[in-house]
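Notes follow the structure.
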Amino acid sequence: MVAERPENRIFGKRAQQHVVILASGDRIRHMTIRPWMAAVTFCFAGMFTVGYLAATSYLVLRDDLIGATMARQARMQHDYEDRISALRAQVDRVTSRQLLDQQVVEEKVEKLMQQQLALSTRHGKLDALLNRTDNAGTAATDTAPLTGETPVVDGRRADAAGAINAIMGMTGASQKTTQLAYAATGESVADRADRLFSKVTLSLKDLEHDQISRIQSLTTGASQTADAIQTIVRRTGLDVTDEAAGGDSETAIGGPFVEPVDVTDPFEASINDLDTALDRLDTARRSVRKLPFGNPSPASSITSRFGNRTDPFLGRLALHAGIDFRAGTGTEIGATGAGTVVVAGRNGGYGNMVEIDHGNGLKTRYAHLSRVLVKVGDHVEASAPIGLSGSTGRSTGPHLHYEVRRDGKALDPMRFLTAGMKLTTYMD
């Protein structure tokens with residue numbers, strides 16, 4: 001006997017399917033839910049749930065992967081920051097070194113420009129002295145370069161202007177990239193500038209030494225010339241220093257007192273020595289030009305010298321106070337030195353005579369002139385015509401009687417003529 005089940009089903013009949021009714025207004029739709037559809041839906045839901053749980057479990061169980069990734073990113077960030085810090089530090093070092101090199105180069109350029117300015121100032125002083133030296137005819141004994149030439153260093157002329165341009169070029173180079181600051185040679189811009197500055201400084205020192213040597217040579221030449229002039233003049237019984245001591249409008253000097261320059265500097269000391277020597281030489285030459293060292297009639301020969309002789313009119317011994325020149329009537333007679341005419345006209349046995357006062361008691365007389373070309377009070381220079389030769393006064397024929405007197409005492413004119421010929425070498 002077959003027991004009946006508690007379900008509501010009839011033996012031999014199919015179970016009724018589940019129907020879902022969807023109503024929307026007047027429209028009614030029926031959807032039959034079949035068993036396989038429910039099975040498929042359940043399978044998809046199960047698979048999604050299992051996948052979600054598996055993925056969540058994997059991420060939760062493998063969180064070390066995320067930590068490792070974050071740590072790697074942190075390390076990369078730290079590495080980048082370290083590299084950036086190192087680059088910044090290197091840039092700071094390069095910038096500091098460039099600024100320091102530039103400062104050093106600028107200081108050296110400033111020193112070099114000061115030396116160049118000093119040389120330019122010296123060049124101005126030397127120009128005036130060299131012009132005086134050329135006018136004085138004083139020559140140095142050496143051939144050292146003075147201002148126009150510069151010594152050769154490494155096969156090039158080491159002039160200061162070129163050195164400044166070179167160093168200024170390196171100053172601009174120091175402001176470029178870091179590759180210039182760290183050259184392959186390992187030599188910085190400051191080192192190169194220091195090396196070049198040292199060479200130029202040595203060159204300028206050599207130039208200064210050559211200048212001082214040349215100046216000292218010129219000083220020696222001027223002093224020797226002045227000494228030679230004074231020696232020749234002293235042999236005539238005169239002294240150039242005595243002649244210059246009187247002073248006149250041409251030699252008068254003065255002015256407010258100004259502190260002297262630093263004479264401890266060798267160059268300034270040598271300049272002062274040369275200036276003193278040239279002043280001494282100028283004084284000696286100026287004094288000599290005032291003294292009667294010239295020849296009143298260069299083309300005439302001497303017929304009678306200074307000293308005792310037989311008087312041509314009385315026939316007995318008498319003092320001839322001058323010398324006689326054989327000069328035909330009308331021969332031009334010149335002053336033997338600069339001075340002022342104090343006598344111009346007839347004067348007893350001298351006939352027509354000119355007397356010139358040369359200062360300090362020194363006078364010259366020109367006698368027996370046929371014609372006088374000057375008047376009393378005239379200032380004449382050496383070799384200036386003062387009259388024409390003749391035979392006036394106590395004379396036996398046309399000639400020139402020439403005397404040199406100091407404080408009224410007759411001196412031998414030959415000493416002055418001889419000294420004048422010797423002084424010719426030192427006066428031009």
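Hey, what do the phi angles of the range 389-400 turn into as Karplus ³J(HN,Hα) couplings, whole Hz, using 6.51/-1.76/1.60 and θ = phi - 60°, x for Gly and Pro?
5, x, 9, 7, x, 7, 9, 9, x, x, 5, 10
Apply the a/c threshold of 1.5 to the C-alpha gyration tensor of the range 349-412 and tell me whether it is rounded, prolate or oblate.
oblate
So for the pair Thr69, Ala54, with labels modelled 7 Å out along Cα→Cβ, what separation do we get in nm?
Between Thr69 and Ala54, the label points sit 2.1 nm apart.
Quick one: what are the phi-derived ³J(HN,Hα) couplings along the range 94-104, Karplus 6.51/-1.76/1.60 with θ = phi - 60°, whole Hz, x for glycine and proline?
After applying 6.51 cos²θ - 1.76 cosθ + 1.60, I find 5, 4, 4, 5, 5, 5, 5, 4, 5, 5, 4 Hz.
How much length, in nm to one decimal, is gained on full extension between Met37 and Leu87, taken as 0.36 nm per residue of separation minus their Cα-Cα distance?
11.1 nm
Sort 105-117, 349-361 by packing, meaning the average of other beta carbons within 10 Å per residue, with the highest value first.
The densest-packed peptide leads the list: 349-361, 105-117.
Keeping every protein chain in place, order Ser24, Ser301 by accessible area at 1.4 Å, biggest value first, i.e. largest first.
Ser24, Ser301
Hey, what D do you get for the range 318-428 in µm²/s if you plug the Kirkwood alpha-carbon radius into Stokes-Einstein at 4 °C and 1.567 mPa s?
For the chosen part, D equals 93 µm²/s.
The values are calculated or read from the model by the stated rules, or taken from the named source; none is laboratory data. Bear in mind that the values here come from a model prediction, so they are computed numbers and not experimental data. Virtual Cβ from ideal backbone geometry, glycine too; neighbours counted across all protein chains shown. Heavy atoms of the whole protein, side chains included, go into the accessibility calculation; ligands, DNA and RNA do not. Shrake-Rupley method; radii C 1.70, N 1.55, O 1.52, S 1.80 Å.
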